[in-house]
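Input: a single structure, listed below in structure tokens.
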Amino acid sequence: MASITFKNSWIILKANASVVTMDLGFTNATELKNDETVTSAVSGSSTKAVATFKNNNPPPKTYSVTQEVTFPDGAHVTITGGGPNDNIIEGTDTRGNRAVWAVLGK
């Protein structure tokens with residue numbers, strides 16, 4: 001299964017404005033709040049991302065990894081996309097590394 005690996009990463013969630021939280025599926029990254037940066041560096045691997053929207057409307061949407069990457073130790077990773085009409089979420093760092101989660105079949 002494809003995965004995206006974070007090593008002592010600082011995650012900055014800048015998702016679509018309708019996203020309240022995002023779950024990347026590993027410890028300390030299960031309820032990332034939109035427009036915020038994690039309060040401490042996190043490490044783990046993500047095989048999917050789940051976006052939760054305001055007022056749970058629409059219901060949460062699941063994205064699977066389609067482009068793997070291992071972010072370097074200490075990377076500042078900005079996550080974007082993930083709106084109700086978006087089929088991808090991207091994670092990028094300042095070194096040009098890029099990860100992609102997508103709605104499969106879209």
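Laboratory data are not the source of any read-out in this text; all were calculated from the coordinates shown. Bear in mind the structure is a predicted one, so any value in this text is a computation, not a measurement. Methodologically, a virtual Cβ is constructed for each residue, glycine included, from the backbone with ideal geometry; neighbour enumeration extends over all protein chains shown.
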Inset, instruction - Please compute the net charge surrounding Val50, taking Lys and Arg as +1 and Asp and Glu as -1 over other residues with Cβ under 12 Å from its Cβ. - result: 0
Inset, instruction - Return the distance in nm (one decimal) between the two label points of a simple spin-label model at Asn85 and Asn57, each offset 7 Å from Cα along Cα→Cβ. - result: 1.7
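In debye to the nearest 20, how big a dipole does the chain give about its Cα centre with +1 on each Lys and Arg Cβ and -1 on each Asp and Glu Cβ?
My answer is approximately 160 debye.
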Inset, instruction - First measure r as the distance between the Cβ atoms of Val103 and Ala41, then evaluate 1/(1 + (r/R0)^6) with R0 = 35 Å and state the FRET efficiency to the nearest 0.05. - result: 0.75
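Relative contact order (percent) for the chain, with alpha-carbon contacts under 8 angstrom and 6 or more residues of separation?
In percent, rounded to a whole number, it is 32.
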Legend entry - the chain: proportion of alpha-carbon pairs further apart than 21 angstrom, %: 23
Legend entry - Nearby aspartates and glutamates by direct alpha-carbon distance to Lys61 (threshold 13 angstrom, same-chain neighbours under 8 apart not counted): Asp23, Asp86
Legend entry - Spin-label proximity, His76 to region 88-106 - amide N less than 17 Å from point 7 Å beyond Cα toward beta carbon: 91-98
Legend entry - Where GluC sites (Glu not before Pro) fall in DSSP loop in the chain, at most 15 other Cβ within 10 Å: Glu31, Glu68
